[in-house]
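The values are calculated or read from the model by the stated rules, or taken from the named source; none is laboratory data. Keep in mind the model is a prediction, meaning the values are calculated, not measured. Positions of Cβ are generated from backbone atoms using ideal geometry, with glycine treated the same way; all protein chains shown enter the neighbour counts. Areas reflect the complete protein model, heavy atoms only, side chains present, ligands, DNA and RNA absent. Shrake-Rupley method; radii C 1.70, N 1.55, O 1.52, S 1.80 Å.
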Amino acid sequence: MLETTGNCMKLLMMVTAVIAALTIAAAKDGAVGGNVPARVLNLERVLPLNHKVELEKLIARDRARHAQILQNFAGGVVDFPVIGSSDQFLFGLYYTKVKLGSPPREYDVQIDTGSDILWVTCRSCNNCPQTSGLGVELNFYDTAISSTSSLISCSDPMCASTECSSETNQCAYTFRYGDGSGTTGYYVSDLLYFDTFVATSLIANSSAPIVFGCSTSQSGDLTQMDRAIDGIFGFGPQDLSVISQLSARGISPKVFSHCLKGEGNGGGILVLGEILNPSIVYSPLVPSQGHYNVYLQSIAVNGQTLPVDPAVFASSGDRGTIVDSGTTLAYLTAEAYEPFVNAITAAVSPSARLVISGRKPCYLVSSSISDMFPPVSLNFAGGASMDLRPSDYLVHMGFYEGAAMWCIGFQRDDAGVTILGDLVLKDKIIVYDLARKRIGWADYDCSSPVNVSTTSGKDEFINAGQLSVSSSSSRVYFNLRHARTNARRLLFLVLMIGFPFCSLTSVLSCYFFLNI
């Protein structure tokens, strides 16, 4: 039995060598079997076999090599999963997963383009939820159990906080969000792990040190268990945002994109890179703003422009029009809200009956809202319009008197702020191009694959849904699952040819070995 197994293992080694040879040959100029001159490479061990090296030194050497590899990334695309939906009865938010620390631990964090900092809940957090109504397991970051964690001192260039004290010399923060919630904590530096696509290559388990917040206290809605989550992933334009930190080191381009699916259970796409689509229209960002402010110029309902002074949408002081994925619904400045509601009501009367529910204008509908309610257009500088379907400005609030009740999803804002939240951002590609100071969008089925630029300004991109790469001269499709399946089939075929020389147990053992 041992001798038979040994023969099979020899066969496995021979097959593996053949596959490796074919793979190397195929990689050369896309051909197999060409007249390529043989070359011999002399390999030497960096660390002698009989030389004892401490584990910390090996880790440090790997980190240095890793940093050098990351420096060679020219516009690599960093991909994050997207979970959640804009449906307030399901999630009411979109979130992603990040891995931090050594050993890495996974945290669920809300995707928020209206703030800058990535923060997660600390182990020592006061008044913080211990369980979540979203069905996710809450994790707590602990600097003591991460070997790569370090505190940010007040003298660190990354610390712009005014809360530092001479006693602790620890860079602290306090954030307040638009809904009245807030968090207090301190800054730490630790490794962020991610997958980076560069051309046809997938660099798995890559990492880079980043500065983020460790929350020690929370208030407002952040303390509620129904939508509790591990933290918030701020994608704002300031220096401490993750997109700014990674792009400053050349790890990712200074542009990110998302496509949030609105139907079903939601989900979608989030990449540090530029999603490419011929339907995308762009509008300039308002300069020198802390958020992604845009020049909203007018609103049209059923093709008719509302009688609203464009100045009410302008960015001045605390006023302006902001694109914010951290807001579930959408908000209209008071000067535009009443004309908007009046225009919608006039367009559907008398087919839909207007009712007031909790001071919200709602409509009792007996047929499809897509057939009854008018289209809405948000018109921006540069001639870019964002077309809204009825489901992009209405929210289903159940049934009343046997009819479906749909309410205006836009909320009135008396402070003069217009916020485009997930209600209008869903089912669209949204591109935040910090390098060119513009924002773009296009209607899209966010369950479909997208093409993502790997280098700024070049015609090279990755298909994030199928891991395929395209350039201006050719198309190369790279499907990891398909390639791996073919390798397994080839090995199994050769092993079956060699079956008379191996026992069935040995063959299956060899096949299982490749599948690990």
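Rounded to the nearest 20, the Cβ-based charge dipole of segment 74-252 about its Cα centre (Lys and Arg +1, Asp and Glu -1) stands at 220 debye.
Quarter the surface of the alpha carbon convex hull of segment 74-252 and you get the mean projected area, 10.7 square nanometres.
Under the convention that each Lys and Arg Cβ holds +1 and each Asp and Glu Cβ holds -1, the size of the dipole of segment 275-453 around its Cα centre is about 120 debye. Place +1 on the Cβ of every Lys and Arg and -1 on the Cβ of every Asp and Glu in segment 336-452, take the dipole about the Cα centre, and give the residue among Leu425, Ile344, Phe399 whose Cα lies farthest towards its positive end. Of the candidates, Leu425 comes out farthest on the positive side. Seen from Val281, the other residues with C-beta closer than 15 Å to its C-beta sum to a net charge of -1, counting Lys and Arg as +1 and Asp and Glu as -1. Taking amide H positions as placed in the peptide plane 1.01 Å from N, state which residues far from Cys164 in sequence (5 or more) or on other chains have amide H under 5 Å from it. HN-HN under 5 Å from Cys164: Ala172.
Among the trypsin sites (Lys or Arg not before Pro) in segment 305-409, those placed in a DSSP loop whose Cβ has at most 12 other Cβ atoms within 10 Å are Arg359.
For segment 384-455, state which trypsin sites (Lys or Arg not before Pro) are in a DSSP loop and have at most 14 other beta carbons lying within 10 Å of their beta carbon.
Lys437
Give me the percent of accessible area attributable to carbon and sulfur for segment 74-252, probe 1.4 angstrom. That fraction is 49 percent.
So what is the relative contact order for segment 275-453, in percent, with contacts set as C-alpha pairs under 8 Å and at least six apart? Worked out over segment 275-453, it gives 32 percent.
With all protein chains present, how much of the accessible area of segment 275-453 (probe radius 1.4 Å) comes from carbon and sulfur, to the nearest whole percent?
In segment 275-453, the share of accessible area belonging to carbon and sulfur is 51 percent.
A simple rule links phi to the HN-Hα coupling: the Karplus curve 6.51 cos²θ - 1.76 cosθ + 1.60 with θ = phi - 60°, which for segment 307-313 gives x, 10, 5, x, 5, 6, 9 Hz, with x for Gly and Pro.
Rounded to the nearest whole Hz, the Karplus-based 3J(HN,Hα) values (6.51 cos²θ - 1.76 cosθ + 1.60, θ = phi - 60°) of segment 349-365 follow the sequence 6, x, 5, 10, 8, 7, 10, 10, 10, x, 6, 9, x, 10, 9, 8, 10, with x at glycine and proline. Over every Cα atom in segment 275-453, the radius of gyration and the widest Cα-Cα span, Dmax, amount to 16.5, 53 Å. Within the set of other residues whose C-beta is less than 11 Å from the C-beta of Leu434, count the net charge using Lys and Arg as +1 and Asp and Glu as -1. Taking every Cβ under 11 Å from that of Leu434, the sum is +2. Within the same chain, aspartates and glutamates fewer than 8 places from Lys426 are excluded, and of the rest, those with a Cα less than 17 Å from its Cα are Asp87, Asp112, Glu263, Asp324, Asp387, Asp392, Asp443, Asp445.
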